[in-house]
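Data first, discussion second: the structure below is written as structure tokens.
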Amino acid sequence: MTLEPFRAEIGAVNDLLCAASLLTWDSRTMMPAGGAATRGLQIATLIRAARDRLLGDAMARALDQARRAVEGLPEDHADARAVAQTLAAVAHHARVPAALVEARAALRTQAQAAWTQARETSDYALFAPHLDETVRLARDYADAVGYEAHRYDAMVGLFEPGETARSLADLFAALRAGIAPILDAARGRAPARSDFLARGYAMEGQRAFGLSIAERFGYDLRRGRLDTTVHPFEVSFTREDVRITTRYRPDYLPGSLFGIFHETGHALYEQNVDPAHTRTTLATDLIGLYAVGGTSFGAHESQSRLWENHVARTPTFWANHFPELQAHFPAELADVDADAFYAAVTRAEPGFIRVEADELTYDLHIMLRVELETALMAGDLTVSDLPGAWDETMRRDLDLVVPDARRGVLQDVHWSSGYVGSFPTYTIGNVMAAQLMEAVREDDPGAVAAMERADYAPLADWLRAAVWRHGRRFGRDELLVRATGRALDPAPYLRHLAAKYG
Ligand code: ZN
């Protein structure tokens, strides 16, 4: 028995999904606005073709052969894992009626258009009917794929397999209890000066500095590029072409810089997946139908957060690199030094907007969303009561009065995209990044010492060996146990926040 037909079929599925991702990248960087309607159809057609191929007769025959070919291999052998994951994905998609897949895809296009308009005018009523339908279809989807305790489990499992409403409630309770006293202490202090971050920074200097740091981190520009977009993201079409994007604001220098460092973390993961996994199941999310080498959304976010917050948002980093930034902006930064710059980009101050939140309050924004979407899925909260519940939770957690829906319930794109269940992965990424960094410190103190000399290669080597090269071979907790000896654990993250903000 041979694995060749199976590899060929999965290779074709991966090709279709990479092509769909390339069309998405284009739609968010290059495409004229007029292309939106037909582009949505093109992407949907490619993804449907990938799903059909996965559920097709040729795949069934190839899988049958492959299943016998891997008999006797260790359960965690790359080929055994590829076959097992593909069988699970086929079973998953077979449970979801094609009409439901199409209804969700069609709704996404309409819901995003309605959300864009609703956010511009801060008019929740424009979006509410679409959100109502989104929640209804998410419930249908959860019922189709199945779950044990809570409908939400089926949705969160699409992004972070293994997590459930219950496990997240436990994680969030631990984080809430740990963050509260640190936040209280931080609030008692006067915020650092940050006025100089708004001094009209030219895009060219932001781009040149950001890209030079990305390369220093190990981002390979022969297999990557940086473009401009509205909502920054990283995307890969196999490890050989891994692109990042950012946006430049003259009046907010850290936006593009930390954005580039963040997306570089994602890109390093993808560029360093074992080449043997290229065009295989171990570099394809066959459940989400997305070509990606990272093992879960949370694991992916751990890499972006690690480089953004544990490497770049540190006094050492700015002691090393602030002079280079200053060389790009000699007039704007003439009266600023590395310490003042670090203090400005680390200041903790509760705000309305998740994507602008500091490290200390960020997870409270996530917990709010997860609490509300869990209640929506359970039917404990209606879409019409959502804005009120949002505002009440903001007051409870951050002591802020939300001024309008644009800065409240309408701020995120996720629900309009049908991504119910994806928010927890941001916090999981934060937790996992701290856990991995603690392991690096214990395991390879030389890598930390090298960072003080602005040499990031030993850190990248550790991460390549522990995380990146494996692609999707190991699940998130399996990866963490191998790398740190423990499954996901909030303690290192709370220690990190206390050390930085306590
Ligand atoms: Zn990210």
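The values are calculated or read from the model by the stated rules, or taken from the named source; none is laboratory data. What you see is a predicted model, and the numbers here were worked out from it, not measured in a lab. Note that we place each Cβ from the backbone using ideal geometry, even for glycine, and neighbour counts take in every protein chain shown.
Can we say ALA36 is touching a Phe, Trp or Tyr at 6+ places or on another chain (Cβ under 6 Å), modelled with pLDDT under 95 and either assigned to a helix (DSSP H, G or I) or on the phi > 0 side of the Ramachandran plot (or both)? Here the answer is no, as ALA36 does not meet what is asked. With buried (at least 17 other Cβ atoms within 10 Å of the Cβ) and modelled with pLDDT under 95 as the only criterion, which of ALA111, ALA106, ALA80, ALA66 stands out? Checking each option against the conditions leaves just ALA111.
When the residues of region 225-261 are filtered to those that are within 16 Å of the ligand (Cβ to nearest atom) and among the aliphatic types (A, V, I, L, M), which remaining residue is nearest to the chain's Cα centre (by Cα)? This residue is VAL235. Across region 114-132, the number of residues qualifying as of a type outside the set (A, V, I, L, M, F, W, C), crowded, with 18+ Cβ neighbours inside 10 Å and more than 23 Å from the chain's Cα centre (by Cα) comes to 2. The residues of region 351-402 that are among the charged types (D, E, K, R) and either touching a helix residue (DSSP H, G or I) at 6+ places or on another chain (Cβ under 8 Å) or more than 16 Å from ARG187 (Cβ to Cβ) (or both), listed by number, are ARG354, GLU356, GLU359, ASP363, ARG369, GLU371, GLU373, ASP380, ASP385, ASP391, GLU392, ASP397. Among the residues examined, ALA177 does not qualify as touching a Lys or Arg at 6+ places or on another chain (Cβ under 6 Å), away from the ligand (no atom under 15 Å from the Cβ) and among the small types (Gly, Ala, Ser).
Matching residues to (1) touching a helix residue (DSSP H, G or I) at 6+ places or on another chain (Cβ under 7 Å); (2) in a loop (DSSP other than H, G, I, E, B); (3) more than 16 Å from the ligand (Cβ to nearest atom); (4) assigned by TED's automatic domain parsing to the domain that holds TRP415:
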| position | (1), (2), (3), (4) |
| --- | --- |
| ARG136 | no, no, yes, no |
| ILE182 | yes, no, yes, yes |
| ALA186 | yes, no, yes, yes |
| PRO191 | no, yes, yes, yes |
| LEU197 | yes, no, yes, yes |
| GLY200 | no, yes, yes, yes |
| GLU204 | no, no, yes, yes |
| ALA208 | yes, no, yes, yes |
| GLU215 | yes, no, yes, yes |
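Only residues that are within 12 Å of the ligand (Cβ to nearest atom) and among the polar types (S, T, N, Q): list them for region 262-303, please. Answer for region 262-303, where residues must be within 12 Å of the ligand (Cβ to nearest atom) and among the polar types (S, T, N, Q): THR264, SER302, GLN303.
The helices (runs of 4 or more DSSP H) found entirely in region 409-502 that carry 2 or more residues being small (Gly, Ala, Ser) and more than 16 Å from the ligand (Cβ to nearest atom) are 445-452, 457-466, 491-501.
Do we have VAL413 as under 18 Å from the mean Cα position of the chain (by Cα), in the same structural domain as LEU175 (by TED's automatic domain parsing) and farther than 29 Å from VAL83 by Cβ here? When the stated conditions are applied, VAL413 passes them.
Can you find a residue in region 152-169 that is in a helix (DSSP H, G or I), hydrophobic (A, V, I, L, M, F, W, C), in contact with a helix residue (DSSP H, G or I) (Cβ under 7 Å, 6 or more places away or on another chain) and farther than 27 Å from ALA103 by Cα? Yes, region 152-169 contains a residue that is in a helix (DSSP H, G or I), hydrophobic (A, V, I, L, M, F, W, C), in contact with a helix residue (DSSP H, G or I) (Cβ under 7 Å, 6 or more places away or on another chain) and farther than 27 Å from ALA103 by Cα. Being of a type in the set (Lys, Arg) and free of Cβ contacts under 8 Å to residues at least 24 places away in the same chain holds for only one residue in ARG166, ARG81, ARG119, and it is ARG166. Among the conditions (1) more than 30 Å from LEU3 (Cβ to Cβ); (2) of a type outside the set (A, V, I, L, M); (3) more than 16 Å from the ligand (Cβ to nearest atom), GLU356 misses just one, which is (3). Considering the conditions (1) within 30 Å of ASP140 (Cα to Cα); (2) free of Cβ contacts under 8 Å to residues at least 40 places away in the same chain; (3) touching a Lys or Arg at 6+ places or on another chain (Cβ under 6 Å), VAL448 is excluded by exactly one of them, (1).
Within region 305-329, the set of residues being touching a Ser or Thr at 6+ places or on another chain (Cβ under 8 Å) and within 16 Å of the ligand (Cβ to nearest atom) comprises TRP307, ARG313.
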